[in-house]
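Okay, so here's the structure we're looking at.
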Amino acid sequence: SFAITPTNSLALEQCLENGWLDLWYQPKFSLRTGQLAGVEGLIRWRHPVHGVLAPSSFLPNATEGSLRALTEHVVVTALRNWDEMASAGFHLRSAVNTTVSALSNALLPKLIRENRPSSEQWPGLILEVTESEVVKDVTLVHEIATQLRIYGITFSIDDFGEGFSSFARLRELPFAELKLDMSFVKDCSSDA
């Protein structure tokens, strides 16, 4: 058998098979109003011995197939969790991280259609992909965004400005939300 320590990486497939992955929701606040504006679901490994572990414990050696399975898991989990949040009075848009290659999975629209909240108050789901992945195949991302938009799914471009794109390229990229890379805001409180 495999001896598990906090420094060992366990295959993502095993985490998915054993039900060890959870979404932990981080709040998103509107800077304009100061109000809670949404949540971002962050994947965590709930290890039976070592407790909660970060993605670095199970993502480094993940295969393309396991990343697709992870995307399916987080999307379905976020869609199902919305009903629980709504019953507690929170009608918030959720966001989850994914990869462009995992989004090209033909099963994803079917999973979304089958698990999408039926409430008219559901504000939709945001899928976050990194800028570096989007610029590799803008045409594919446009196609996926168009297919998923009818189900209330929009895109967020994460780490924008990490070095690949300029603001001039924004017209080419399909997104509802833009998350600037830290380099844009680092030291902004002290650098005139």
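Worth pointing out:
- Percent antiparallel among DSSP beta bridges (both partners in region 31-188, rounded to 5): 15 percent
- Calculated from backbone phi, Karplus (6.51, -1.76, 1.60) coupling profile of region 95-101 in Hz, x at Gly/Pro: 10, 9, 8, 7, 10, 4, 5
- Long-range HN-HN contacts of HIS47 with modeled amide H, under 5 Å: VAL52, LEU53
- The chain: calculated mean residue ellipticity at 222 nm from DSSP helix runs of at least 4, using -39500 (n - 2.57): -9000 deg cm²/dmol
- Sequentially through region 21-33, phi angles give Karplus couplings (6.51, -1.76, 1.60; θ = phi - 60°) of 9, 10, 9, 10, 9, 9, x, 10, 10, 6, 5, 5, 10 Hz, Gly and Pro residues having no value and appearing as x.
- Within the listed set ASP159, ASP137, ASP22, the residue fluctuating most in the Gaussian network model of the chain (springs between alpha-carbon atoms under 10 angstrom) is ASP137.
- Accessible area in the full protein assembly, largest first, 1.4 Å probe, for GLU13, GLU143, GLU120: GLU120, GLU143, GLU13
- Scattering profile of region 51-192 at q = 0.11, 0.16, 0.20, 0.21 Å⁻¹ [log10 I(q)/I(0), Debye over alpha-carbon scatterers]: -0.47, -0.94, -1.27, -1.33
- Evaluating 6.51 cos²θ - 1.76 cosθ + 1.60 at θ = phi - 60° for every residue in region 75-88, the Karplus couplings come out as 5, 5, 4, 4, 5, 6, 5, 4, 4, 5, 5, 5, 5, 8 Hz, glycine and proline recorded as x.
- Relative contact order, whole percent, for the chain stands at 15, derived from Cα pairs under 8 Å and 6 or more residues apart.
- Here region 56-110 is assigned +1 on the Cβ of each Lys and Arg and -1 on the Cβ of each Asp and Glu. Its dipole about the Cα centre then comes out at about 80 debye.
- About the Cα centre, charge dipole magnitude for the chain (Lys/Arg +1, Asp/Glu -1 at Cβ), debye: 360 debye
- Environment charge of GLU40, counting only residues whose C-beta is closer than 13 Å and scoring Lys/Arg +1, Asp/Glu -1: +1
- Farthest towards the positive end of the charge dipole of the chain, among the residues ILE144, LEU92, PRO60, is the Cα of LEU92, using unit charges on the Cβ of Lys, Arg, Asp and Glu.
The values are calculated or read from the model by the stated rules, or taken from the named source; none is laboratory data. Keep in mind that what you see is a predicted model, and the values were worked out from it rather than measured. Glycine also receives a Cβ, built like all others from the backbone with ideal geometry; neighbour counts cover every protein chain displayed. Surface areas here come from the heavy atoms of the whole protein model, side chains and all, with no ligands, DNA or RNA. Shrake-Rupley method; radii C 1.70, N 1.55, O 1.52, S 1.80 Å.
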